[in-house]
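The values are calculated or read from the model by the stated rules, or taken from the named source; none is laboratory data. Just so it is clear, the structure is predicted and the values come from calculations on it, not from any experiment. Cβ atoms come from the backbone with ideal geometry, glycine included; neighbour counts cover every protein chain shown. With ligands, DNA and RNA removed, areas are computed over all heavy atoms of the protein, side chains included. Shrake-Rupley method; radii C 1.70, N 1.55, O 1.52, S 1.80 Å.
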Amino acid sequence: MEKTISEIVDYALSKTKDFSNCDRYTILDEVSGRLWQEAADMKKPGTGASLEQHVVVRRKVYLSGPISGYDYEERRITFGLWDTAMRAHGFEPVNPMENGVPKDAPSEEHMRVDLMMLLKCDCIMMLKGWERSLGARLEHEVALSCGMRVMNESDPSMRDFLNTSWTYRTM
């Protein structure tokens with residue numbers, strides 16, 4: 001039975017609930033490996049041409065979800081799993097947890113950098129709980145205002161969109 005990215009992320013997080021457990025990195029490595037293998041096994045659309053005759057155009061996707069007020073390590077793991085999952089499905093993820101701003105900097109500083117990162121993206125992925133985050137709601141509004149495709153982790157149509165993330169052009 002095929003698992004959705006959301007199910008894989010939820011499973012991995014369920015195995016890392018005890019954040020003092022050093023084994024969480026092993027779990028992340030295992031999930032990352034499975035996702036990369038899934039990406040390697042994916043077949044391109046039937047054009048009859050070899051993979052070398054195609055150029056892959058990657059869509060930049062901004063990951064948006066609650067960060068402030070949550071356990072930093074849990075958020076880092078969640079965003080990291082989604083980063084890996086989106087990359088494995090042909091996207092170029094933009095992860096606000098890796099914005100270069102010190103984690104203890106004021107939230108205003110994070111938002112300025114995060115919004116600049118968002119504006120360079122093609123679409124946005126709204127992670128669970130985004131509705132309860134002022135920053136994520138702002139990112140959502142900016143994405144809508146700029147005409148970006150908005151994906152929601154819990155939206156069933158997200159899987160179809162992920163399946164069309166690879167764009168092939170014959171050389």
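The packing ranking, built from the mean of other Cβ atoms within 10 Å per residue, places the peptides 134-142, 77-85, 112-120 in the order 77-85, 134-142, 112-120, highest first. Amide H contacts under 5 Å for R59: E92, restricted to partners 5 or more places along the chain or on a different chain, H placed in the peptide plane at 1.01 Å from N.
Taken one residue at a time, the phi angles of region 131-147 give Karplus couplings (6.51, -1.76, 1.60, θ = phi - 60°) of 5, 8, 10, 4, x, 5, 5, 5, 4, 4, 5, 5, 4, 4, 5, 8, x Hz. Gly and Pro are set to x.
Taking all protein chains together and a probe of 1.4 Å, list H110, H89 from the most accessible to the least accessible.
Working: H110 35, H89 10 Å².
If we order H110, H89 from most to least accessible, we get H110, H89.
The simple Förster model, with R0 at 35 Å and r as the Cβ-Cβ distance, assigns R132 and E92 a FRET efficiency of 0.80.
Each residue of region 112-120 was assigned a 3J(HN,Hα) from its phi angle through the Karplus curve 6.51 cos²θ - 1.76 cosθ + 1.60 (θ = phi - 60°); the sequence is 4, 5, 4, 5, 5, 5, 4, 5, 8 Hz, with glycine and proline shown as x.
Note on D104/D155: beta-carbon distance plugged into 1/(1 + (r/R0)^6) with R0 of 25 Å gives a FRET efficiency of 0.15. Rounded to the nearest whole Hz, the Karplus-based 3J(HN,Hα) values (6.51 cos²θ - 1.76 cosθ + 1.60, θ = phi - 60°) of region 62-77 follow the sequence 8, 8, 10, x, x, 10, 4, x, 10, 5, 4, 5, 5, 5, 4, 5, with x at glycine and proline.
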